[in-house]
1. Hey, which aspartates and glutamates would be in cross-link range of B:K57, C-alpha to C-alpha under 13 Å, not counting anything within fewer than 8 residues on its own chain?
2. In peptide A:32-40, how many Cβ atoms from other protein chains are near each Cβ within 10 Å, on average?
3. Remind me, relative contact order of the stretch A:1-55 in percent, using alpha carbon pairs under 8 angstrom and six or more residues apart?
4. Considering only the other residues whose Cβ falls under 14 Å of the Cβ of B:D81, what net charge follows from Lys and Arg at +1 and Asp and Glu at -1?
5. Within 10 Å of each Cβ in peptide B:38-51, how many partner chain Cβ atoms are there on average? Round it to a whole number, please.
6. Grab chain A and count how many Lys pairs have their alpha-carbon atoms under 24 Å apart, sequence gap of 8 or more, or different chains.
7. What is the calculated FRET efficiency for A:L84 to B:A1, with r their C-beta to C-beta distance and R₀ = 25 Å, to the nearest 0.05?
8. Mind ranking A:51-57, B:63-69 by how tightly packed they are, going by the mean number of other C-beta atoms within 10 angstrom, highest first?
Amino acid sequence: EAGVAQSPRYKIIEKRQSVAFWCNPISGHATLYWYQQILGQGPKLLIQFQNNGVVDDSQLPKDRFSAERLKGVDSTLKIQPAKLEDSAVYLCASSLGGGNEQFFGPGTRLTVL
Amino acid sequence: AQRVTQPEKLLSVFKGAPVELKCNYSYSGSPELFWYVQYSRQRLQLLLRHISRESIKGFTADLNKGETSFHLKKPFAQEEDSAMYYCALSLLNTNAGKSTFGDGTTLTVKP
């Protein structure tokens, strides 16, 4: 089966610019996760969707980050405006349900200059 | 709030030696514990989960609720085990199944 797809793989922007990331989960997976992984740290959950509803976004900086999952399939994560500290790898993962094995995408490496 | 701690950032052993990667968690409910691994230039992937009680690639992990630990062990390390290992916790008593990852341990197995 096809894995989790993410694009772009790399993105370089200047601070205060906007950026968007896209994720296509494994077909049939109800749960979709966005993580931020700063160098030297583990993945930090930003937002978790169950189908097209948000079940946890407690660590999402809502003043600048937003995410949506249209029709319960693909998802986009947006940062507007970006700050230097947003430089990180953004990982998307999906699973059959919350608490199940997560399948990860390749990640998007964001550099904010 | 739940927390996962991996006290060792780096761990280096010789091929054939036993290896133990430590993981401690803090959560008072019923967690589901996982070990994920990331080999060089590959995606993060599941190594094992405590509920399945399987041994994957020679690795085992036992959940110790008294010590709130889920250490990963292998009796004889191989060079191909060199990778980044993350311990993760998911909550079972909520619909969310919210997951928390540790900061990882880089394992190097020397020849």
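1. Filter leaves B:E79, B:E80, B:D81.
2. 2
3. This gives 26 percent for the stretch A:1-55.
4. Once all neighbours under 14 Å are counted, the net charge is +2.
5. Per-residue shielding by partner chains comes out at 3.
6. 14
7. Working from the Cβ atoms, E equals 0.40.
8. The packing order, highest mean first, is A:51-57, B:63-69.
The numbers here are math on the coordinates, done by the rules we state, and not lab data. This is a predicted model, so every value here is computed, not measured. Glycine also receives a Cβ, built like all others from the backbone with ideal geometry; neighbour counts cover every protein chain displayed.
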